[in-house]
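Notes follow once the structure below has been shown.
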Ligand SMILES: Cc1ncc(C[n+]2csc(CCOP(=O)(O)OP(=O)(O)O)c2C)c(N)n1
Ligand SMILES: [Mg+2]
């Protein structure tokens, strides 16, 4: 016999069993019973945000930076719909969060009751799974299933919609220790035949490239990636989501590929004969024109989600498995065959020579200008000063791409960025989640002047929690990435990319009780960065940058990745 | 790549959202549904769904993988690919049955072994079961009499057991 308790209590008990220590949320009439239980549960720290979108992004940032499941709570109706962008953001990047929403009482569902919205209907295409709980008897199992589904297989967001009467109803709390869902059985172990085939391809390769995606981060396979890359002497390139999956400062790193990837990464992929892709899904920002993507390559694709394989590109050796286990097996085979490191070094010598030619021909670079701060310079300096040890969140746009290019992410879970959905306003609330999950670590949000205004209200949340986040606004006075497209492809017709009113970000910081600073000259960059990095306070640093600086290289949308516009 | 028709037999958890999720997957990802037939199975916790769709091999592969990705989907079988299967569809046809064409209707019913399941002074309702070709043929033959209404169930399909295992 389990203990008898209310549905609201069950929620809190389940959170405890799942090891949840921090939740992000915002109350309302339909979730008030859960809040009443949170009030009685000091072990769970509730972070009161200022907008439910902020709660969802914070839960997401917490999950991305810690690897644990993030939790967000909202009320019915507008509270629930406010989480939608956050849920979609987590879905596109396969991030495990559980969102709990209040709902009107079951007997009112379907009546257009006050603050009723069909949130399970709305979120069906943007959740890994969702539940509308109709009976108290089902609640313990659903809570267990929600966490299990969110975290296992290809992770993703799960929503639980909880009607008010179910929160108030009493039932027996039998929380399953383990759960088995007959219709949900992710494949973790690779097919050993496929692993052997992959090895044979690598053995025959003359110009291999190792492509690392976000799956490497979520499966915790960074050390296997490194071991494999070093053992076989493979050039490694990463997707945006894969950055940190292999050290960006490593000799074998070619940096990011794709639309704003490095020249040498895109050239290497375009000319490789074997592409080993792990936990990457061949998004159009990575492939460019699909027919011209790795046209000479046999492709080995490891992914836990079978539907990612053969979706966008034709794969020669599909391997459905957890990235970490698949790479472990592959390493076993490599060791069994036993060709020494020297052999591989020798084998790919010519290929590396070619890559070095590309690297020297067009390194990542920008033009300095004594009158303006260049954003790339800011990121470079930030990398130097933090030695790559910070957790860097980004907003979306040019700020995000400069960060991806110039900060050499050394470890997994140190870049927190909305890749798949490209959600402006993600970075700052995500940094709140990241800082909550990593107290004592340096957490920085690289922002744009547009993006930061999308969830700027969360400054109050960060101050409530005394979080010493550093917000660095790369302020170009533009919706810069859109402006760049207009410059390059729309005859410089700058439609709707300049705000008439730009707030004084220094004063905004001060209004919230944070520190605000502004710099405008290149020589101010280093000393000011040093200063703010040593402060144990929330700081907004407004960096006025060259207004029309672009992100290069750039592959125009739909073009082959070799058709790059260089600086 | 050439398009083909594909009949999928899908077992899903009998939960309220399951069907909506499947329908949403098809509309959201731009896949076609030619017909869809849903009913309970022997196990009341599972529903069975026969879904007819079309696409080239790559699209069909995606459809099957995307279906399997849904947490509520227990099993997906491409019966068309497995080859040996029985397909049936039923239609109810309300046809004008004036004195002068009743003879002809009877004859068609006899040849195709159709059932007249309702009779009114001026119309019959005819039940026809068979594969798609048979239904189409019957409809074409009855059309000259004056068809007032047709309701079709959509296809259901079942794999045959191997004859010599
Ligand atoms: C919510 C949302 N709305 C619109 C866009 C389209 N968009 C992509 S980048 C961008 C400009 C971002 O401007 P800013 O934050 O100033 O960054 P910058 O590119 O200038 O660094 C816009 C509007 C988006 N990604 N997300
Ligand atoms: Mg800007």
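The values are calculated or read from the model by the stated rules, or taken from the named source; none is laboratory data. Fair warning: this is a prediction, and the values are worked out from it, not measured in the lab. Quick reminder, even Gly has a Cβ in these numbers, built from the backbone with ideal geometry, and neighbours come from all protein chains shown.
Numbers below:
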quantity	calculated
Helices (runs of 4 or more DSSP H) within region A:473-533 that include 3 or more residues within 16 Å of ligand 1 (Cβ to nearest atom), away from every other protein chain (no Cβ under 14 Å) and in contact with a helix residue (DSSP H, G or I) (Cβ under 8 Å, 6 or more places away or on another chain)	A:480-489
Residue ranges of helices (runs of 4 or more DSSP H) in region B:52-161 with at least 1 members at pLDDT below 95 and under 30 Å from residue A:318 (Cα atoms)	B:57-69, B:79-82
Selection within region A:508-526 - more than 21 Å from residue A:432 (Cβ to Cβ) and either touching a residue at least 12 places away in the same chain (Cβ under 8 Å) or in contact with a strand residue (DSSP E or B) (Cβ under 9 Å, 6 or more places away or on another chain) (or both)	A:518, A:519, A:520, A:521, A:522, A:524, A:525, A:526
Test: residue A:378 is within 15 Å of ligand 1 (Cβ to nearest atom), more than 14 Å from chain B (Cβ to nearest Cβ) and farther than 29 Å from residue A:270 by Cα	yes
In region A:527-551, the residues that are in contact with a strand residue (DSSP E or B) (Cβ under 6 Å, 6 or more places away or on another chain) and either more than 16 Å from residue A:506 (Cα to Cα) or touching a residue at least 60 places away in the same chain (Cβ under 8 Å) (or both)	A:532, A:537, A:539, A:540, A:541, A:542, A:543, A:544, A:545
Selection from region A:413-446 of residues that are within 16 Å of ligand 1 (Cβ to nearest atom) and either part of a helix (DSSP H, G or I) or within 14 Å of chain B (Cβ to nearest Cβ) (or both)	A:427, A:428, A:429, A:430, A:431
Test: residue A:545 is within 16 Å of ligand 1 (Cβ to nearest atom), away from chain B (no Cβ under 14 Å) and under 24 Å from the mean Cα position of the chain (by Cα)	no
In region A:1-19, the residues that are at pLDDT 95 or above, in contact with a helix residue (DSSP H, G or I) (Cβ under 8 Å, 6 or more places away or on another chain) and outside any helix (DSSP H, G or I)	A:5, A:6, A:18
Among the candidates A:126, A:109, residue that is more than 27 Å from residue A:171 (Cβ to Cβ), within 14 Å of chain B (Cβ to nearest Cβ) and surrounded by fewer than 24 Cβ atoms within 10 Å (Cβ to Cβ)	A:126
Check on residue B:115, more than 25 Å from residue A:156 (Cα to Cα) and out of contact with any helix residue (DSSP H, G or I) (no Cβ under 9 Å at 6 or more places or on another chain)	no
Enumeration of residues in region A:466-490 that are buried (at least 21 other Cβ atoms within 10 Å of the Cβ) and within 13 Å of ligand 2 (Cβ to nearest atom)	A:472, A:473, A:474, A:475, A:476, A:478, A:479, A:480, A:481, A:483, A:484
Number of positions in region A:143-156 that are within 11 Å of chain B (Cβ to nearest Cβ), part of a helix (DSSP H, G or I) and surrounded by fewer than 23 Cβ atoms within 10 Å (Cβ to Cβ)	2
Residue match in region A:451-461 (condition: within 16 Å of ligand 1 (Cβ to nearest atom), under 16 Å from residue A:60 (Cα atoms) and either surrounded by fewer than 17 Cβ atoms within 10 Å (Cβ to Cβ) or in contact (Cβ under 8 Å) with a residue 12 or more places away in the chain (or both))	yes
Failed item in (1) away from chain B (no Cβ under 14 Å); (2) out of contact with any helix residue (DSSP H, G or I) (no Cβ under 6 Å at 6 or more places or on another chain); (3) more than 24 Å from residue A:421 (Cα to Cα), with residue A:224 passing the rest	(2)
Members of region A:547-567 that are assigned to a loop (DSSP other than H, G, I, E, B) and crowded, with 17+ Cβ neighbours inside 10 Å	A:549, A:550, A:551, A:552, A:553, A:555, A:561, A:562, A:564
Hits in region A:294-335 (condition: more than 24 Å from residue A:155 (Cβ to Cβ) and either within 24 Å of the chain's Cα centre (by Cα) or within 14 Å of chain B (Cβ to nearest Cβ) (or both))	A:314
Sole residue being at pLDDT 95 or above, part of a helix (DSSP H, G or I) and away from ligand 2 (no atom under 16 Å from the Cβ), chosen from A:367, A:381, A:410	A:381
Residue check for residue B:49: surrounded by 15 or more Cβ atoms within 10 Å (Cβ to Cβ), touching a helix residue (DSSP H, G or I) at 6+ places or on another chain (Cβ under 9 Å), within 14 Å of chain A (Cβ to nearest Cβ) and free of Cβ contacts under 8 Å to residues at least 60 places away in the same chain	yes
